[in-house]
Amino acid sequence: MAPVALALILGWWLVAVIRAQHLPRPSLWLHPSQGVSVGDNVTLRCHLPWPVAWVWLYQEGGWTYSKSKDKQQDAAEFSFISTSREHAGTYRCQYREPESAKISEQSDPVQLVLTDHSFPPPGISLRPEERVGTGTNVTIHLWNKGFEATFLLHKDGCSAPVQHQDSSWGGAANFTVFGVAPADAGTYWCSYRPWHYPHLSSPLGDSVMLEVTPTPAPPGAKELSHANLVIALVRGLVAVLVFGLGVFFVIDARSLWR
Ligand SMILES: *[C@@H]1O[C@H](CO)[C@@H](O)[C@H](O)[C@H]1NC(C)=O
C-alpha cells in the first residue's frame, strides 16, 4: 500500500510543480485593433487560459490597472471610454492563479497607437507625376511642418503600412520605389509619428495615385513586328497577283472585242 500512496503523492507533486512552472502566458488584444483616434473608446482584452483570481494590465512607464475575477470567464476586459493622449502606449497583462497563487509571466506587448487630429496631416508628392512605364524609379516625397518623426507609407488594400522611415532633415522623407512593377500601382497615403510621442499618429494626408503602364518586353515586340511584316508581304503579293490577273483579263477582253 505504501508504494502506491508514495507514487500518488509523487505524481500529485510533479503535476503541481509542472503547472506552477509552466503557467501559460495570457494574450492581449485590442478592440478595435487599429484606427483608434483620441476620444474614441477602446478595449484591451486579456485572454486567460483558465479562470483566475486577479488580472493586471500594465502600461509601460505608466499606469497599472487591476481586476479581480469572480466569474468563469476566459478574458478580462479593460475599457477606456473616450481615450486621451495619455492612454497611448505599450501594454502587457498578467494573471494570478487562485490555487497556487502563482503569478504568470506577462503577455506579449501590444501597442495602442492613437490618431491625434491636432497634428497637421502630412504632405505627399510623387516624382515623376505622370503615369510611368514598368522599370521606372519613382520617388514619393513626404513632409510635415518640421516635426522629427517616423513617416509611414500606406497603400490601398494593405492593412499594415507598406514602408516606414525616419525623417532625414527637418520633417521630410523620401521613399523610392526602384523599377516599379504593375503591382506597385495604386493609391498611397502617409501618416507620421512624432519622435516625442511615438504612440501618437497624425491623421492620413492627401493621397497620390501611381499609375504604371506595362511596357512590352523587347523579344515579344520583335516577334510581333516580324509576324506583321510577313502578313504585309503576303497581302502585297496577293494584291499584285489580283492586279496582274485584272490587267490580263482586260487585255484579253480588248483583244476579243477587236
Ligand atoms: C534606378 O535607380 C538605380 C539605383 O540608383 C539606378 O542604378 C538605375 O539606373 C535607375 N533606373 C532608372 C530607369 O533610372
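The values are calculated or read from the model by the stated rules, or taken from the named source; none is laboratory data. Not measured: the values here are computed from a predicted model. All Cβ positions, glycine included, derive from the backbone under ideal geometry; neighbour counts span all protein chains shown. Ligands, DNA and RNA are excluded from the accessible area calculation, which covers all protein heavy atoms including side chains. Shrake-Rupley method; radii C 1.70, N 1.55, O 1.52, S 1.80 Å.
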For this session: Mind listing just one residue for me: the one in the stretch 64-84 that is part of a loop (DSSP other than H, G, I, E, B) and either polar (S, T, N, Q) or in contact with a Gly (Cβ under 9 Å, 6 or more places away or on another chain) (or both) and, of those, most open to solvent (accessible area, probe 1.4 Å)?
Result: Gln72
Problem set entry | Qualifying residues in the stretch 140-184 (those that are aromatic (Phe, Trp, Tyr) and away from the ligand (no atom under 16 Å from the Cβ)) - the one most open to solvent (accessible area, probe 1.4 Å) | Trp169
For this session: Could you grab the pairs with beta carbons closer than 9 Å, sequence gap of 6+ or different chains, first residue in the stretch 178-196 and on the phi < 0 side of the Ramachandran plot, second one of a type in the set (D, E, K, R) and within 16 Å of the ligand (Cβ to nearest atom)?
Result: Ala185/Arg131
Exercise. Would the stretch 13-34 turn up any residue that is modelled with pLDDT of 85 or more, in contact with a helix residue (DSSP H, G or I) (Cβ under 9 Å, 6 or more places away or on another chain) and hydrophobic (A, V, I, L, M, F, W, C)?
Worked result: no
Problem set entry | Tabulated pairs, the stretch 98-113, first part of a loop (DSSP other than H, G, I, E, B), second at pLDDT below 90, C-beta under 6 angstrom, 6+ apart or interchain | Pro98/Ala53; Ser100/Ala20; Lys102/Ala20; Lys102/Leu23; Ser104/Leu23
For this session: State which residue is surrounded by the fewest Cβ atoms within 10 Å (Cβ to Cβ) when the search covers only the stretch 121-133 and only residues that are within 23 Å of the chain's Cα centre (by Cα) and part of a loop (DSSP other than H, G, I, E, B).
Result: Pro121
